[in-house]
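**Student:** Let me begin by handing over the structure; questions about it come next.
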Amino acid sequence: TSLISISDRLFENCSKLAGKLEIPSSVEYIGSRSFLYCNSFFGQLKIPYSVVEIGSYAFAYCNSLNDTLNLPNSVISIGAGAFYQTFIKESTLSISSSVISINESAFSGCSGLTGYLTIPENVIYIGPGAFYGCSKITGLKISNSIEKIESYTFSKCSGLAGELTIPSNITSIGNN
């Protein structure tokens, strides 16, 4: 049989593990907090095309990621705080068209994310604080599928510049 799930909290606080993290290509779910505080575990993170869901705080506080973050087209849901306060080498974030939800604080504090951020049409939910403190994101395109911008979603994104168009179907915008 093949490994299809990495259990919740499996390697939480394993801060002395080092090297490259290789997730088997059969894994569909990366559990909540599964690599939380693994701050020296890997320099590269390759998420295989089999992964459908990344659990809450799965890679939070992983401070030694020195590679770009590429999310495969298979990912549908990015859990709350999935990459919270994770050091990501300066790179753009490509959110695939398969993503439906980006949950609360998913990329909060990822100051290495740069460039223009496009929220694809399939995304129907972006949680509060999802991109809080992503200060090097320079542009933003919000999909027409979003109806509500939650509180703190783009707060402290001080690099945003230029034109911003809020789609006509947005019914509410939260604080900050």
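**Student:** May I ask which of Lys20/Lys136; Lys89/Lys141; Lys16/Lys156 have a Cα-Cα span longer than 28 Å here?
**Tutor:** Working: Lys20/Lys136 26 Å; Lys89/Lys141 22 Å; Lys16/Lys156 32 Å.
Exceeds cut-off: Lys16/Lys156.
**Student:** Then there is this: For Lys89 and Glu121, calculate 0.36 nm times their separation in residues minus their Cα-Cα distance, and state this gained length in nm to one decimal. Numbers along the way, then the final one.
**Tutor:** Numbers: separation 32, 0.36 × 32 = 11.52 nm, distance 2.64 nm.
Extra length from Lys89 to Glu121 when fully extended: 8.9 nm.
**Student:** On to the next question. Would you list Tyr125, Tyr84 from the most to the least accessible area, probe 1.4 Å?
**Tutor:** On the way: Tyr125 85, Tyr84 60 Å².
Putting Tyr125, Tyr84 in descending order of accessible area: Tyr125, Tyr84.
**Student:** If the viscosity is 1.306 mPa s and the temperature 10 °C, what translational diffusion coefficient in µm²/s does Stokes-Einstein give for the chain when Rh comes from Kirkwood over Cα pairs?
**Tutor:** On the way: Rh = 16.2 Å.
Once the numbers are plugged in, D ends up at 98 µm²/s.
**Student:** Using the Cβ atoms and a cut-off under 12 Å, what net charge is assigned to the surroundings of Val99, where Lys and Arg are +1 and Asp and Glu are -1?
**Tutor:** Working: positive: none; negative: Glu53, Glu121.
Summing Lys/Arg as +1 and Asp/Glu as -1 gives -2.
**Student:** Shifting gears a bit: Roughly how many percent of the accessible protein surface of the stretch 1-128 is carbon and sulfur, given a 1.4 Å probe and a whole-percent answer? Please report the intermediate quantities before stating the final value.
**Tutor:** On the way: 2870 of 5750 Å².
Here carbon and sulfur together make up 50 percent of the probe-accessible area.
**Student:** Please compute the per residue accessible area over the stretch 109-176 with all protein chains in place, 1.4 Å probe, rounded to a whole number of Å². Mind dumping the intermediate values first?
**Tutor:** Details: 3450 Å² over 68 residues.
Ligands and nucleic acids excluded, the result is 51 Å² per residue.
**Student:** What net charge do the residues around Ile4 carry, taking every other residue with its C-beta under 15 Å from that of Ile4, with Lys and Arg at +1 and Asp and Glu at -1? Don't skip to the answer; put the middle values down first.
**Tutor:** Numbers: positive: none; negative: Asp8, Glu28, Glu53.
Net charge around Ile4: -3.
**Student:** Roughly how many nanometres apart are two label points built 7 Å out from the Cα toward the Cβ at Asn176 and Ser50?
**Tutor:** Spacing of the two 7 Å Cα→Cβ label points: 4.0 nm.
The values are calculated or read from the model by the stated rules, or taken from the named source; none is laboratory data. The model shown is predicted, which means the values in this text are computed figures rather than measured ones. Glycine also receives a Cβ, built like all others from the backbone with ideal geometry; neighbour counts cover every protein chain displayed. Surface areas here come from the heavy atoms of the whole protein model, side chains and all, with no ligands, DNA or RNA. Shrake-Rupley method; radii C 1.70, N 1.55, O 1.52, S 1.80 Å.
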